[in-house]
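The values are calculated or read from the model by the stated rules, or taken from the named source; none is laboratory data. Here the structure is a predicted model, which means the values were calculated and not measured. Backbone-built Cβ (ideal geometry, glycine too); neighbour counts: all protein chains shown. Side chains included, ligands, DNA and RNA excluded: accessible areas come from the protein's heavy atoms. Shrake-Rupley method; radii C 1.70, N 1.55, O 1.52, S 1.80 Å.
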Amino acid sequence: MTERAVRLIVLGKQGSGKGTQCVRVAAHYGIPHISTGDMLRAAVNSGSGLGARVRATMEAGELVSDDIILEVIRARLSEPDAAGHGFVFDGFPRTVGQADRLDEVLAPAAIDAVASLEIPTEVVVARIAQRRTCASCGRVYSLTAPPRVQWVCDFCGGEVVQRADDTEEAVARRLALYDTQTAPLTARYRDLGALVPVDATGTVDEVAARLIAAVDARLAADEVGA
Ligand code: AMP
């Protein structure tokens, strides 16, 4: 594997398997998995000032302001594991405005690849109804693939629960927002030549294999072009 920093974004609507796949990708490339949703949930759970500012917005399934998100991202990227080593972003950027501001934060470096997990909405609605999440570390389970011990996280021992924003109403709101605000990001990164579409149907292993092969091809093309 190359020693270069790998800077990735994974896009995909709620329930596309994005969180699970980001964990795989992070382990494969040896880079931190940076999930803005997980960081904001941790802030809410810890009762921090940031948590108090974002709680109501998150529970309604609305987007937190770009200013708050960029503040969280800048702080995270300054930590030693991310600074200079690369990352995989999960749930960020969510809007074209956030993507523009990310470019400024990263300059003169740039994003290497943006994988877009492609999956029909009917499939994700069914998946989200079944989804259960560790309240401490954010690992994702489901009613059909629960933790080994009833609702205790296999990785950290945290409590595995249904997310407060996985109600039918909030899910519908988030899927609509994805279409209007996040889908335009695919066009932006396609125009920049960084977009890697990935078929996200099938098992976790199948999707992970496709995703890593597609990102590797993109990184190799970049090296040839560099
Ligand atoms: P997620 O876990 O990615 O589905 O995020 C859960 C919630 O956190 C979202 O519905 C938003 O309220 C908030 N959130 C996470 N990431 C972002 C972001 N990049 N921009 C705005 N809001 C975000």
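Rounded if a/c is under 1.5, else prolate if a/b beats b/c, else oblate: with a ≥ b ≥ c from the C-alpha gyration tensor eigenvalues square-rooted, which is the range 12-213? Judged from the Cα gyration tensor, the range 12-213 comes out rounded (a/c under 1.5). Compared with the dominant principal axis of the Cα atoms in the chain, helix 121-130 is inclined by about 50°.
Sparsely packed loop sites in the range 15-54 (the trypsin sites (Lys or Arg not before Pro) outside DSSP H, G, I, E and B with at most 11 other Cβ atoms within 10 Å) do not occur. Ordering ALA109, VAL207, THR180 by the projection of their Cα atoms onto the charge dipole of the chain, which places +1 on the Cβ of Lys and Arg and -1 on the Cβ of Asp and Glu, puts VAL207 at the extreme positive end. Out of the total accessible area of the range 45-100 (probe 1.4 Å, heavy atoms of protein only), what percent is carbon and sulfur? It is 52 percent, rounded to a whole number.
Given axes a ≥ b ≥ c from the Cα gyration tensor, I'd like to know whether the range 78-165 is rounded (a/c under 1.5), prolate (a/b larger than b/c) or oblate. Oblate. Could you tell me the center-to-center distance, by alpha carbons, between the range 7-25 and the range 104-136 in angstrom? So the two Cα centres are separated by 4 Å. In this Cβ point-charge picture (+1 for Lys and Arg, -1 for Asp and Glu), the chain has a dipole of about 380 debye about its Cα centre. Other residues lying with their Cβ under 14 Å from the Cβ of LEU185 contribute a combined charge of -1, Lys and Arg counting +1, Asp and Glu -1. Peptides 77-85, 31-39 ranked from most to least packed by the mean count of surrounding Cβ atoms within 10 Å: 31-39, 77-85.
Dipole of the range 12-213 computed with +1 at Lys/Arg Cβ and -1 at Asp/Glu Cβ about the Cα centre; of THR95, VAL140, GLY84, farthest Cα towards the positive end is VAL140.
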